[in-house]
Amino acid sequence: MEITSAQYIKFDGEEATTIKATIDGKISFVPMSNGNMHYAEIMRQVKAGTLTIADAD
Amino acid sequence: MSRARDIADLAGSADAGGLTGRNLIINGALSIFQRGTSFTSQTGVAYHADRFETQAYNVGTSDYKAEQSTEAPDGFYNSLKYSCTTADTSQDADNQFYIQQQIEAQNIYHLKFYEANPDSVTISFYVRSNTTGSYGMNLKLSDNNSSDGNVGTRVYPTTFTISSADTWEKITKTITLDSSTSETRPTGNNFGMALVIWLAAGSNRQGATANAWADNANTTTAVDAGDFLGSTSNNFHLTGVQLEVGSTATPFEHEDFGTTLRKCQRYYNRLGFMRHQFYSSSLNSANPDLVHSVTFTPMRDNPTANPYTDAAYSSSGSTTTSSTTLTLGAISISSLNALMQRSTSGAGVVKAQYYLELVSEL
């Protein structure tokens, strides 16, 4: 799974619960849920130091 | 098969937990392909048929095609067909190419394992290939909600044989579940069990002890599964996949298309959305009024949402995807919020339309 970008998404000013990521070349909106396979992979790569999640706009 | 044998098999199935709902595999007849029916240039983990994932790593310059085929044994209409489209004869030592279905932990609560006198399960499926010989097959069990690839996940490597080229054969294998009491049963909507069928394994992916439970360590198979991606002559068909409690392979449990589709949609769903709204002035990024909630059939976990076509904006009969942005958030197992924005203004009756794929695979 190739993740080339990640950014927190704030919806209507609420606390971020979603990450907008480019996964295998496609834009994906990933919920911050431990049971979600993409979120698990994002956090694995963040922990490994190979991915940084940008702040929300 | 005789009527007496049929009745005996059914009676055995009833003892094991019921006549219907006994197949723990979803989409075993390979009838549901929501993502499409033909795929090429696939790498890593890829889904083609619903619920069946293909893992292809360290495949060199080779390539394969996966498709829904109408080549099927009697009693079936479809199969999942793999074919090698670009060969690489220098197989990497770490090459792994296998088909897998992961099963939720809560769907195997009724099975006894990680205790003395565990249950047995029987796996059956139909295969057809140009290549005869031994193939690898693994059964996996999560330990305390470990993921399928975790080193602590328990694995039972075994083998099966294809005896005749280009001929449908039914494979059956009974496995006694793990009796080790050092592990902890998985729970909830987490990974619980997986069935793995190997098509290729490099030398570093071979050598697992056959017919014994062990920690996963590194993904391995009990046999040299060959090199499927080493020749463009190679093909492999699979259908009629069943995994059931007990030591008897009962007839495949056929179910209606709608039932199978609904089961698949717990893990993957494709939806189209459209929303109309009247604007007296403008719709643009400063006035992002096309905010709405979308609901869908509850999924296994909060799904990843992928817009798989560009969001389109329509005003005064003209539709465009330019200057249009779709943002999704607040994603739950059955709903999400969508925000449609446009960097240039529009007025009148405007329409937002887009398509999403929702992914909640294990």
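Read-outs: derived from the displayed coordinates by stated rules, not from any lab. The shown structure was predicted, so the numbers you read here are calculated from the model rather than taken from an experiment. We place every Cβ from the backbone using ideal geometry, glycine too, and count neighbours over all the protein chains shown.
Could you give the size of the charge dipole of the range B:3-263 about its Cα centre, using +1 on the Cβ of each K and R and -1 on the Cβ of each D and E, expressed in debye and rounded to the nearest 20?
Rounded to the nearest 20 debye, it is 260 debye.
What are the ³J(HN,Hα) values, in whole Hz, obtained from phi via the Karplus relation 6.51 cos²θ - 1.76 cosθ + 1.60 with θ = phi - 60°, for each residue of the range B:174-182 in sequence order, with x given for Gly and Pro?
Once θ is set to phi - 60°, the couplings for the range B:174-182 become 9, 10, 7, 5, 5, 9, 4, 9, 8 Hz.
If the chain between residue B:35 and residue B:256 were fully stretched, how many nm would it gain, using 0.36 nm times the residue separation less the Cα-Cα distance?
Full extension of this stretch gives 77.6 nm more.
So what are the ³J(HN,Hα) numbers for the range A:30-36, from phi and the Karplus equation (6.51, -1.76, 1.60; θ = phi - 60°), rounded to whole Hz, Gly and Pro as x?
Values per residue, Gly and Pro as x: 10, x, 7, 10, 4, x, 8 Hz.
Report the rotationally averaged projected area of the protein assembly as shown based on its alpha-carbon convex hull, in square nanometres.
The orientation-averaged projected area of the Cα hull of the protein assembly as shown comes to 22.3 nm².
7 Å from Cα along Cα→Cβ at both residue B:297 and residue B:86: what's the point-to-point distance in nm?
For residue B:297 paired with residue B:86, the spin-label model returns 3.6 nm.
How much FRET efficiency would the formula 1/(1 + (r/R0)^6) give for residue B:209 and residue A:16, where r is the Cβ-Cβ distance and R0 is 51 Å, rounded to 0.05?
The formula returns an efficiency of 0.60 here.
Between residue B:70 and residue B:263, what length in nm is gained on full extension when 0.36 nm per residue of separation is reduced by their alpha carbon distance?
67.3 nm
Expressed in nm to one decimal, what extension gain is obtained for the pair residue A:4 and residue A:27 from 0.36 nm per residue of sequence separation less their Cα-Cα distance?
Separation in residues times 0.36 nm, less the Cα-Cα distance, equals 7.3 nm.
Peptides B:163-174, B:43-54: what's the order by average Cβ count within 10 Å, highest mean first?
By packing density, highest mean first, the sequence is B:43-54, B:163-174.
When N is the residue count of the range B:115-257, what does its C-alpha Rg come to as a fraction of 2.2 N^0.38 Å?
Scaled against compact globular proteins, the figure is 1.09.
Count, for each residue of A:24-34, the Cβ atoms from other chains sitting within 10 Å of its Cβ, then give me the mean as a whole number.
6
By what distance, in whole Å, do the Cα atoms of chain A stretch along each of the three principal axes, largest value first?
Principal extents (largest minus smallest coordinate, Cα): 30, 22, 20 Å.
Set the bar at 31 Å for Cα to Cα. Now go through B:65/B:263; A:26/B:65; B:65/B:112; B:112/B:170; A:47/B:263 and name every pair that lies beyond it.
B:65/B:112; A:47/B:263
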